[in-house]
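First comes the structure, then the notes that go with it.
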Amino acid sequence: MNIRVLVVDDEPLARVGITTRLSAYSDMVVVGECSTGEEALTKIPQVSPDLIFVDVEMPGISGLDLLRALPREQAKCIVFLTAHEEYALDAFNVEALDYLLKPIEDARFAACVDRARRMLSLHRQEANFERLYGLLAIADKQDSGGVIKRFPVRRGNEFSFVQVADVDWIEGLGDYAGLHVGDRTHLIRESLTLLEARLDRMQFVRVHRSTIVQVERIVRVEPAANRDAVLTLRDGKTLRVSRTYRSRLVELLQKP
């Protein structure tokens with residue numbers, strides 16, 4: 001698959017040097033050149049480069065400032081060009097893929113290109129998995145009337161399914177959730193709030209801002225300090241119950 005490349009450097013000869021080197025790689029397609037950071041900010045949304053080579057030191061917006069100004073999705077693969085080795089640490093602090101010290105050695109440039117290929121391949125693979133996960137989730141939601149019956153779970157390069165009935169409890173991890181099934185944990189890309197809205201409210205209950213529990217797995221609930229509580233699951237796992245969610249838990253446990 002071709003890699004779209006943008007070259008940003010205020011020195012014309014430096015741009016020629018990069019584009020000439022890139023011409024030796026059949027998958028590297030130069031989609032534009034810019035002489036300033038300001039020009040690059042306008043150009044990047046227009047040409048959607050996969051890989052950007054950018055000089056650190058430029059009049060006006062520097063290479064570092066350019067990277068900081070770009071939305072994260074537009075700055076996944078940045079290579080800094082610099083004549084000063086001390087900028088290397090700055091480059092990595094802003095999560096650049098790599099930096100090339102001028103004058104650029106052939107072997108170093110080849111290693112950088114190879115590294116960019118690997119990273120972009122991973123990005124594309126992740127994007128494909130995200131799309132597939134979304135399609136599987138939508139299909140399951142339609143088939144079940146909006147209530148989750150199973151979770152698509154990625155294992156290496158494949159998807160398998162975890163049945164909702166097999167999940168003991170769910171842990172919120174930012175934009176992800178950990179499905180605890182026995183002694184195994186499966187990570188899925190979905191927030192706890194979204195999951196709570198799609199789970200059967202008679203089967204699962206939120207007991208903490210970071211925890212959802214399957215009601216049938218609960219064997220004991222004991223009071224704790226500050227009107228909180230501690231519940232115990234069948235396998236002996238203990239989880240904190242926040243007072244914010246305690247009333248809903250008690251309501252479900254009291255149902256015949």
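The values are calculated or read from the model by the stated rules, or taken from the named source; none is laboratory data. Computed from a prediction, not measured in an experiment: that's the story for all the values here. Here the Cβ is made from the backbone with ideal geometry for all residues, glycine too, and neighbour counts use every protein chain on show. The area values use the complete protein model at the heavy-atom level, side chains included, leaving out ligands, DNA and RNA. Shrake-Rupley method; radii C 1.70, N 1.55, O 1.52, S 1.80 Å.
For region 221-256, the candidate set comprises residues that are open to solvent by 30 Å² or more (accessible area, probe 1.4 Å), at pLDDT below 90 and charged (D, E, K, R); within that set, the residue that is farthest from residue 149 (Cα to Cα) is 227.
For region 49-84, residues that are in contact with a Ser or Thr (Cβ under 6 Å, 6 or more places away or on another chain) and without any contact (Cβ under 8 Å) to a residue 24 or more places away in the chain total 0. Candidates in region 54-85 are the residues that are closer than 22 Å to residue 1 by Cβ and crowded, with 22+ Cβ neighbours inside 10 Å; of these, the one that is nearest to the chain's Cα centre (by Cα) is 78.
The set of residues from region 1-53 being within 14 Å of residue 116 (Cα to Cα), surrounded by 19 or more Cβ atoms within 10 Å (Cβ to Cβ) and of a type in the set (A, V, I, L, M) comprises 3, 5, 6, 22, 28, 51, 52.
Looking across region 172-220, the residues that are of a type outside the set (D, E, K, R), assigned to a strand (DSSP E or B), open to solvent by 60 Å² or more (accessible area, probe 1.4 Å) and closer than 20 Å to residue 245 by Cα come down to 173, 219.
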